[in-house]
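The values are calculated or read from the model by the stated rules, or taken from the named source; none is laboratory data. This is a predicted model, so every value here is computed, not measured. Don't worry about glycine lacking a Cβ; one is built from the backbone with ideal geometry, like all the others, and counts go over all protein chains shown.
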Amino acid sequence: MRREVIVEGSTYNAALERGLKALGTEPGKAKVEVIQEGKTMMGIVVKPYKLLLYVEEESQQAEESQGKRPPQSFALEYKEDGVYLTVFIPPSKFTKSDEETIMHHLRRKRIEGLKADAVAQAMYINPGRPVKIAEPQPELPVDEEVFVYISQDGMQATIMLLPPEGGRLLTYQDVVQALKDKGVVYGIDEDAIRQALNSRRYGQEVIVARGQPPQDGEDARLTYHFNPEKKSKPEIREDGTVNYHSLDNIENVAKGQVLVTLTPPTPGVDGKTVRGTTVPAKPGKPLALPAGKNVVVSDDGLKLLAAIDGKVEMIGGRVHVYSVHEVKNNVDNSTGNINFVGSVIIHGNVLSGFEVRAGGSIEVRGVVEGATLIAEGNVVLRKGLQGMKKGVIRAGGSVTARFIENGNVYAKGDVTAGVIMHSNVVSGQYVRLIGKRALIVGGRVHAVLGISASTIGSPMATATILEVGVSPEIRQEYEELKGELQRLEKEQQKVEQVLAVLSKMESSGRLPPDKLIIKQKALRVRNEYSVKIPTIKARLFELEEAFLRGAQGKVHVKKVVYPGVSITIGQSTLNIKDPIKYVTFLRDEGEIRFVTYEG
């Protein structure tokens, strides 16, 4: 760090002495450059000496030096012919802060008849040269001063001492009173005040009071005692083949087992500024236990328990427990169609023309022919779907199959398969082809978030349509849910109005039997809506997120995509004319372009 001053003197030594004093250093420690040679004529100074003095210091040494004896940036002299001001800061380094410091000192000195133009001349025109700024007058003593500064957030108060000039020193009580005058009443550090008065490092801010910041409350949190992210995910062997027998997709629970624990939010602790103003803490955000089907809430409201033995699943943001229905053989004439509230496991095939419905998940360990499978949860086909152009699978979760051929598959979650051939597949998230072949050929495959495969299309230019983004089916679901939510919220408002009227009547006396029946019915509807409305809102939020992410979806091709394939992302479409290998397709500025494989 370099400190420098420009000074004038009638002789070289006079100018040098003034410069050393301004820098607060000793002879030999400052470097000197002569800016102007002095000149005398018959003992009269015609031209004064003008010198530039500077010292080079390490930053730490500079700080220590300034702490003990700050360099003199200006000097005030009371002479017989007037009061003179000399500014030692070169014009190129003179700042607004320097001007404020000098002007404050002049006000402290209470100089009468101060000439503003002369002060400006000393600061900006004649640095290093004494300039007369007032007529002769006695120098008045200046008491030691203290300034109090309060931070913008009110959490800190600092003081800065200014040195006396012939006046009295501040006492501890003076500083405390100055703090009180500024409204500082909390968090005062008495030791810091005494230390500041003992060290008296003028011009430096010292922290003497600290507020107490508010401690915001902790949000409520849910602890799951099962894996809520569990999905049907087949094992991929080292040789690239897929083991559809090892899915680990069922988590069984017993009646009374704790599924979720709720830790309530905390209110937080209010803070206080140095002025004693209370700063309110933000309370933690509450959460509700995600109660679904076949679960109960504990008496203290902090635990979610299984109401039956069965399989626990997280669907639509809520925890459900489903009992599992097993079919040991085929779904055929011996079983008829199946409609079950829980999950279904079928050890054989599902023959053409039959229907299986499940409130949970469906697992088929044989082949699904031209049948219909509808599940609120996941669908797992250990072998696959031979749909015969009429097979349909609908899942509220994901669909996993070894192959999908000549079928129709609709899933709100992922669709994962080894081969998809001549089928109509719609996924609310990703379509992923895995295993050695990982092939899509023929038909239409639509995914909201993205598609990945090794091979798409065929050397015979088989027409194959790939779409990424929001499907018409999903947009229709979104609009239907919005309408349903509006209807339920209006109904909920009516129920609350009815309950308010009945409550007012009840406060005046017992309700008649007919009004009591109405109240009980209204309470049941309120409880029903308290579950339905948050569920719909959660699904709408998921769909809105899907709309945003769909425009950023990609198609990943690990091996090759053939001519005859049409790729649509958002509103843009690209028809493949030539084989392209190891590529990722994405939408950029309204067009589809391809880059090196990113999958």
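A few points about this structure:
- Listed by position, the strands (runs of 3 or more DSSP E) enclosed by segment 335-429 that each have at least 1 residues that are buried (at least 19 other Cβ atoms within 10 Å of the Cβ) are 343-346, 355-358, 362-364, 372-375, 379-395, 399-411, 415-427.
- If you go through segment 373-392 and keep only what is within 23 Å of Arg318 (Cα to Cα) and not polar (S, T, N, Q), you end up with Leu373, Ile374, Ala375, Glu376, Gly377, Val379, Val380.
- Gly435 meets all of the listed conditions (1) assigned to a strand (DSSP E or B); (2) in contact (Cβ under 8 Å) with a residue 40 or more places away in the chain; (3) among the small types (Gly, Ala, Ser) but one, namely (1).
- For segment 268-309, filtering for residues that are more than 30 Å from Ala178 (Cβ to Cβ) and more than 24 Å from the chain's Cα centre (by Cα) leaves 21.
- Figure legend. Inter-residue proximity from segment 552-567: first residues within 14 Å of Ile465 (Cα to Cα), second residues of a type outside the set (Val, Ile, Thr) and in a strand (DSSP E or B), beta-carbon distance below 6 Å, spacing 6+ or different chains. Indicated pairs: Val555/Leu466; Val555/Phe585; Ser566/Asn575; Ile567/Leu466; Ile567/Leu574; Ile567/Phe585.
- Out of Ile536, Ile569, Ile576, one residue alone is among the hydrophobic types (A, V, I, L, M, F, W, C), modelled with pLDDT under 95 and in contact with a strand residue (DSSP E or B) (Cβ under 7 Å, 6 or more places away or on another chain). It is Ile569.
- Restricting attention to segment 293-334, the residues being crowded, with 21+ Cβ neighbours inside 10 Å and either on the phi > 0 side of the Ramachandran plot or of a type in the set (Gly, Ala, Ser) (or both) number 3.
- Of the residues making up segment 264-316, those that are among the hydrophobic types (A, V, I, L, M, F, W, C), part of a loop (DSSP other than H, G, I, E, B) and within 25 Å of Gly211 (Cα to Cα) are Val274, Ala281.
- Condition check for Pro127 on (1) in the same structural domain as Gly9 (by TED's automatic domain parsing); (2) part of a strand (DSSP E or B): one failure, at (2).
- Among the numbered conditions (1) in contact with a Gly (Cβ under 6 Å, 6 or more places away or on another chain); (2) at pLDDT 80 or above, the only one that Leu52 does not meet is (1).
Yes/no matrix, rows are residues, columns are (1) at positive phi; (2) in contact with a Gly (Cβ under 8 Å, 6 or more places away or on another chain); (3) surrounded by 16 or more Cβ atoms within 10 Å (Cβ to Cβ):
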site	(1), (2), (3)
Leu433	no, yes, yes
Thr455	no, no, yes
Gln476	no, no, no
Gln493	no, no, no
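Condition check ((1) touching a Ser or Thr at 6+ places or on another chain (Cβ under 9 Å); (2) modelled with pLDDT of 85 or more; (3) farther than 20 Å from Ile125 by Cβ) across all residues:
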site: Arg18; (1), (2), (3): yes, no, no
site: Ala22; (1), (2), (3): yes, no, no
site: Pro48; (1), (2), (3): yes, no, no
site: Ser59; (1), (2), (3): no, no, yes
site: Glu63; (1), (2), (3): no, no, yes
site: Ala75; (1), (2), (3): yes, yes, no
site: Glu80; (1), (2), (3): no, yes, yes
site: Val83; (1), (2), (3): no, yes, no
site: Thr86; (1), (2), (3): no, yes, no
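- Residues of segment 483-523 that are part of a helix (DSSP H, G or I), of a type in the set (D, E, K, R) and either under 39 Å from the mean Cα position of the chain (by Cα) or over 30 Å from Leu287 (Cβ atoms) (or both): Glu484, Arg487, Glu489, Lys490, Glu491, Lys494, Glu496, Lys504, Glu506, Asp514, Lys515.
- Output for segment 2-18, where each listed residue is under 10 Å from Tyr54 (Cα atoms) and in contact (Cβ under 8 Å) with a residue 60 or more places away in the chain: Arg3, Glu4, Val5, Ile6
- Number of the condition not met by Phe340 [criteria: (1) modelled with pLDDT under 95; (2) farther than 28 Å from Ala306 by Cβ]: (2)
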